[in-house]
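Asks: Pasting a structure below so you can have a look.
The values are calculated or read from the model by the stated rules, or taken from the named source; none is laboratory data. The model shown is predicted, which means the values in this text are computed figures rather than measured ones. Virtual Cβ from ideal backbone geometry, glycine too; neighbours counted across all protein chains shown.
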Amino acid sequence: MTHIKLKKHHKWIIGSFSSVVIIFMVVTGILLNGIIVKQTINHNELSNKIENLQTDTQSKLNELTNSLLDIESSLEETKSTLEKNKQELIELKASASSDFSGIIEEAIKSVVTVRTDVSQGTGFIITDDGYIVTNAHILSGGSEVYVLDYEQNKKTTQFIGYDQDLDIALLKISGNYNALEFGNSDDVVIGEKVIAIGNPLGLQFSVSEGIVSGINRPGPTGLEAYIQTDAALNPGNSGGPLINKKGKVIGINNFKVSDGESLGFALESDYIIEGVNQISQSALGQELI
């Protein structure tokens, strides 16, 4: 009997222990599952936070980039406005000036004397690398040509080509220069003040002042492409620039009416540009201006 009781007691202990173990495992499983669930939730929350942070950061970067682009655009507009205002101020100052002294000081440095073995005239530099435009008739009959710059340096001169109808020729000298700029001859108005720079009767770099007396006048070939001016033109002025109050070339002095007073004519700048580009395109394969 005692043995049977002990056996039953032993079974009860084993059963109780098994129950405790099972309960422990269940409780442990529940706890572990809770921990896993909690960790999963925390991981998801962290992932969401990281994703939100990345989204916010990218959004702020996009906003910053757009702001920088706006600032850059604003700076470009401001720069453009300042440059425009500066040019307008220069032009206003020139227009308000009682004389051409400021303009002449700069423009005359880009004017040259053109000489051959039979004649002489004037030319002016139209590109920084030394291309010069002059009248073709100055070179007529000559066997050699050379140029004297403002510093009286004699420059070996290359003949590029000419346009007989427009009476212009293109030359080239070596060196770096400040080229004269062309104005739009369509903007020329009767009555505006102009100056002519040239070498009349061998008097180098002489300047005469006048006004525009007429526009679209016919020339020797009948082409209505000449500005009439009362600025004094004499032999040697041919090929020199006719310059407005803004310091820009509006014509090339070409001829005068010998039987009249103050009747000079200059080929309009738009025709000069067209003629020069045709010559350079034919001779060099490129346009110059």
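Asks: Answer yes or no as to whether Ile195 is over 31 Å from the mean Cα position of the chain (by Cα) and not acidic (Asp, Glu).
Replies: Details: over 31 Å from the mean Cα position of the chain (by Cα): no; not acidic (Asp, Glu): yes.
No, not satisfied.
Asks: If you don't mind, there's one more thing I want to ask. Among the residues of the range 141-194 satisfying the criterion of being of a type in the set (Asp, Glu) and more than 21 Å from Asn254 (Cβ to Cβ), which is surrounded by the most Cβ atoms within 10 Å (Cβ to Cβ)?
Replies: Filtering the range 141-194 for residues of a type in the set (Asp, Glu) gives 144, 149, 151, 163, 165, 167, 181, 186-187, 192.
Filter once more, keeping what is more than 21 Å from Asn254 (Cβ to Cβ): 144, 149, 151.
Numbers: Glu144: 11, Asp149: 19, Glu151: 6.
Filtering the range 141-194 for residues that are of a type in the set (Asp, Glu) and more than 21 Å from Asn254 (Cβ to Cβ), the one surrounded by the most Cβ atoms within 10 Å (Cβ to Cβ) comes out as Asp149.
Asks: Moving on to the next point. Which of the residues belonging to the range 158-184 are in contact (Cβ under 8 Å) with a residue 24 or more places away in the chain and touching a Leu at 6+ places or on another chain (Cβ under 9 Å)?
Replies: Residues satisfying the conditions are Ile160, Gly161, Tyr162, Asp163, Asp165, Leu166, Asp167, Ile168, Ala169, Leu170, Leu171.
Asks: For Asp117, all conditions in the list (1) under 23 Å from Gln278 (Cα atoms); (2) surrounded by fewer than 21 Cβ atoms within 10 Å (Cβ to Cβ) hold save one; what is the number of the exception?
Replies: Evaluating Asp117 over (1) under 23 Å from Gln278 (Cα atoms); (2) surrounded by fewer than 21 Cβ atoms within 10 Å (Cβ to Cβ) leaves (1) as the failure.
Asks: Considering only the range 61-83, state which residues are among the charged types (D, E, K, R) and either under 27 Å from the mean Cα position of the chain (by Cα) or modelled with pLDDT under 80 (or both).
Replies: Asp70, Glu72, Glu76, Glu77, Lys79, Glu83, listed by residue number.
Asks: Right, something else. Among the residues of the range 154-163, is there at least one that is assigned to a loop (DSSP other than H, G, I, E, B) and among the acidic types (Asp, Glu)?
Replies: Here is the first cut: in the range 154-163, the residues assigned to a loop (DSSP other than H, G, I, E, B) are 157.
Now drop any that are not among the acidic types (Asp, Glu), which leaves none.
No, that holds for no residue.
Asks: Same structure, new question: Just to check your reading of the model, which residue among Gly251, Gly239, Gly275 is touching a strand residue (DSSP E or B) at 6+ places or on another chain (Cβ under 8 Å), modelled with pLDDT of 95 or more, part of a loop (DSSP other than H, G, I, E, B) and under 18 Å from Phe182 (Cβ atoms)? I'd like the intermediate steps shown before the answer.
Replies: Details: Gly251 fails: part of a loop (DSSP other than H, G, I, E, B); Gly275 fails: part of a loop (DSSP other than H, G, I, E, B).
Step by step, each of Gly251, Gly239, Gly275 is checked, and only Gly239 is touching a strand residue (DSSP E or B) at 6+ places or on another chain (Cβ under 8 Å), modelled with pLDDT of 95 or more, part of a loop (DSSP other than H, G, I, E, B) and under 18 Å from Phe182 (Cβ atoms).
Asks: Follow-up. Restricting attention to the range 174-223, report how many residues are among the polar types (S, T, N, Q) and on the phi > 0 side of the Ramachandran plot. Please lay out each step first, then the result.
Replies: Let us first name the residues in the range 174-223 that are among the polar types (S, T, N, Q), namely 174, 176, 178, 184-185, 199, 204, 206, 208, 213, 216, 221.
Still in the list and also on the phi > 0 side of the Ramachandran plot: 216.
Qualifying residue count for the region: 1.
Asks: For the range 142-155, check the following and say yes or no: at least one residue is of a type in the set (Gly, Ala, Ser) and at pLDDT below 95. Explain how you work it out, then say what you get.
Replies: Keep residues of the range 142-155 that are of a type in the set (Gly, Ala, Ser), which gives 142-143.
Applying the additional criterion that residues be at pLDDT below 95 yields 142-143.
Yes, the range 142-155 contains at least one residue that is of a type in the set (Gly, Ala, Ser) and at pLDDT below 95.
Asks: Next question, about the same structure. Quick one: would you say Gly251 is without any contact (Cβ under 8 Å) to a residue 24 or more places away in the chain, out of contact with any Phe, Trp or Tyr (no Cβ under 6 Å at 6 or more places or on another chain) and small (Gly, Ala, Ser)? So that I can check it myself, show each step before the final result.
Replies: Numbers: without any contact (Cβ under 8 Å) to a residue 24 or more places away in the chain: no; out of contact with any Phe, Trp or Tyr (no Cβ under 6 Å at 6 or more places or on another chain): yes; small (Gly, Ala, Ser): yes.
No, not satisfied.
Asks: For the range 223-240, what are the residues that are within 34 Å of the chain's Cα centre (by Cα) and either small (Gly, Ala, Ser) or closer than 8 Å to Thr122 by Cβ (or both)? Spell out how you get there, then give the answer.
Replies: Within the range 223-240, the first condition is being within 34 Å of the chain's Cα centre (by Cα), and the residues that meet it are 223-229, 231, 237-240.
Ala225, Ala231, Asn237, Ser238, Gly239, Gly240 - these are the residues of the range 223-240 that are within 34 Å of the chain's Cα centre (by Cα) and either small (Gly, Ala, Ser) or closer than 8 Å to Thr122 by Cβ (or both).
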